[in-house]
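Q: Take a look at the following structure, please.
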Amino acid sequence: QVQLVESGGGLVQPGGSLRLSCAASGSIFSRAYMGWYRQAPGKQRELVASISDGITNYAGSVQGRFTISRDNAKNTMFLQMNSLKPEDTAVYYCNYKKIPYNYWGQGTQVTVSS
């Protein structure tokens, strides 16, 4: 069993920055897939960024602005978000996958508005 707890969301002005954290507990494998997803009102959940065995992947809309990282010693994943735009407003979810398991956190709200 794996538990994921996100934190770090909030309200920020356009152009600002936020850093999200995902604290994982339970049977965590350091090389397993972890990712950040987001879901805006009325839209489907989408992948923002992922990291697996040290390899990172980003959605085109956040490439160059967001950075995903992972502290395996602390079982924590981060998402540094810079140059935030109103269209980044969404609930952000942490995800951990290791076949056949797929776990989600409860989500943290990010609102980008002036």
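The values are calculated or read from the model by the stated rules, or taken from the named source; none is laboratory data. None of these values were measured; they are calculated from a predicted model. Cβ placement follows ideal geometry from the backbone for every residue including glycine, while neighbour counts extend to all protein chains displayed. When the accessible area is computed, the model is the full protein with side chains, heavy atoms only, and any ligands, DNA or RNA have been set aside. Shrake-Rupley method; radii C 1.70, N 1.55, O 1.52, S 1.80 Å.
Q: Calculate, for the chain, the solvent-accessible area per residue in square angstrom, rolling a 1.4 angstrom probe over the heavy atoms of the protein chains.
A: 53 Å²
Q: Starting from the coordinates of the alpha-carbon atoms of the chain, obtain the Kirkwood hydrodynamic radius over all distinct pairs and give the value in Å to one decimal.
A: 14.0 Å
Q: While we're here: Taking the mean number of other Cβ atoms within 10 Å as a proxy for protection, how do you rank 86-98, 10-22 from highest to lowest?
A: In decreasing order of mean packing, 86-98, 10-22 become 86-98, 10-22.
Q: Ranked highest first by the average count of other Cβ atoms within 10 Å around their residues, in what order do 99-112, 72-85 fall?
A: Highest to lowest by the protection proxy: 72-85, 99-112.
Q: Just want the answer: with Cβ charges of +1 for Lys and Arg and -1 for Asp and Glu, which residue in Tyr37, Gly9, Gln109 is farthest toward the dipole's positive end in segment 7-114?
A: With unit charges placed on the Cβ atoms, the residue in question is Tyr37.
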